[in-house]
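First up is the structure itself, then whatever we jot down about it.
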Amino acid sequence: MDAQIDVNPGEFTWKISYFTEQDANHLYSEAFTVSGCQWRILVFPKGNGSHHLSLFLGVPDSATLPYGWTKDVKFSLGVIDQINDVRSIRKAWQSVFTARQKEWGFPELIPLTELQNRTGGYLVNDTLVIKATVCISTVTPLMNIQPARPTDKFDSYFTALEEFVNGAETHGVRVGSSSCCQHDALTAEIPSLEEVEKAIQSMTECLSDLFKLNIKERLSEALSTLSSARIGLLSEKKIAIEKFQANFNDFISDFLAFEQDNAEKLQKDQRFSVMKKSQDTHILYKQLMGDLIMEEEKLKRKTGEVKSRKDKLLSDWEILLVEAEEAKLGCKDEQKKVAEAEEKKRIAEERMSRSTTAWSNLKAQFCLSFKIRNRP
């Protein structure tokens, strides 16, 4: 089973592989987040008290929510026709989810006969596609809803994977039925005495350990030789060979079934090993992400401090610019005033010079008129 979050944050798609082979009474999807609230889908593959597929939307983290919580939600659940989407079955409802009623849905979404109809598109390659749409109207009490983090989908997936592995290890996992086949009767020419003795030795070795590599081929070859022998065997041995040969095909069938089951078990163990290794790697990645987040927070604080110092420097720089501009304007005003004073001084000096000359001329004329000698 695998799930994916659609582009629309209010939608969730759940694909269930090998749907008709599911033995569990019910299945849960991994948790997904809409508007900061967690949800999951509950499906009853064989129906819940009826011959219909039952589908519900639930709150997986009910136990951790504040006392008296409620969520008023509009939602829809449906199964997708993978051949013709127009035939997809969708049902919508609005409900208030609470601690007492944390799952709402549709006990009779679609009849199982219609769902499993080979002419339909609900089960393609034995895969069922379920889609949920969630729109939250109100949540009480008001919760400190954190925005979705990039790692939330990894936490959600690997938590569900861990539950899957633990559940499979506890109850076992169905990995498919064993297939059996039979070998055709073996024929050969009449063997020599030496070949008979080798066949007896080979059978003795084979029967001492039936489960070694290529034992069934060696056993079949030895049995064929002994069955065709005309010399080197007593009558009771021939009878024993005949009885053994009569049951040989059943033995080979059981042996092949054992090998098939053993191979499937080995394959299952390998898959579990991969899942466990993935889970361990996920935990390592989560620790590394935690370290990176702490480092990022330190850098953010450092960046904040640098930004504050930068803003302070820019502010002081602005003040300096204003002060310098004021000094510059003051200097220009002073230069203008000095220039005006210099001009006034020059005009005054010119006026004084003219006045002095005029006074001297006037004085000379007066003295000349009254014949007054100028005193040295």
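The values are calculated or read from the model by the stated rules, or taken from the named source; none is laboratory data. Quick caveat, the model's predicted, so the values are computed rather than measured. Backbone-built Cβ (ideal geometry, glycine too); neighbour counts: all protein chains shown. Accessible surface areas use protein heavy atoms only, side chains included; no ligands, DNA or RNA. Shrake-Rupley method; radii C 1.70, N 1.55, O 1.52, S 1.80 Å.
Sort out which residues of the stretch 15-49 are among the charged types (D, E, K, R), in contact (Cβ under 8 Å) with a residue 60 or more places away in the chain and assigned to a strand (DSSP E or B), and write them in order of number. So that I can check it myself, show each step before the final result.
Let us first name the residues in the stretch 15-49 that are among the charged types (D, E, K, R), namely 15, 21, 23, 30, 40, 46.
Now narrow it down to the ones that are in contact (Cβ under 8 Å) with a residue 60 or more places away in the chain: 15, 21, 23, 30, 46.
Matches in the stretch 15-49: Lys15 only.
When you scan the stretch 68-78, do you find a residue that is open to solvent by 40 Å² or more (accessible area, probe 1.4 Å), modelled with pLDDT under 95 and aromatic (Phe, Trp, Tyr), even just one? No. State yes or no: is Ile83 without any contact (Cβ under 8 Å) to a residue 60 or more places away in the chain and out of contact with any strand residue (DSSP E or B) (no Cβ under 6 Å at 6 or more places or on another chain)? Criteria met by Ile83. All conditions in (1) surrounded by 12 or more Cβ atoms within 10 Å (Cβ to Cβ); (2) modelled with pLDDT under 85; (3) over 30 Å from Lys198 (Cα atoms) hold for Asp280, with the sole exception of (1).
If a residue must be aliphatic (A, V, I, L, M) and in contact with a His (Cβ under 8 Å, 6 or more places away or on another chain), how many such residues does the stretch 84-137 contain? Full working, then the answer.
If we filter the stretch 84-137 for residues that are aliphatic (A, V, I, L, M), which is where we start, we get 86, 89, 92, 96, 99, 109-110, 112, 115, 123-124, 128-130, 132, 134, 136.
Among the residues that remain, those that are also in contact with a His (Cβ under 8 Å, 6 or more places away or on another chain) are: 109-110, 112.
The qualifying residues number 3.
Looking across the stretch 118-136, not a single residue is crowded, with 18+ Cβ neighbours inside 10 Å, outside any strand (DSSP E or B) and out of contact with any strand residue (DSSP E or B) (no Cβ under 6 Å at 6 or more places or on another chain).
When the residues of the stretch 97-108 are filtered to those that are over 14 Å from Val134 (Cβ atoms) and part of a strand (DSSP E or B), the one that is most open to solvent (accessible area, probe 1.4 Å) is Glu108.
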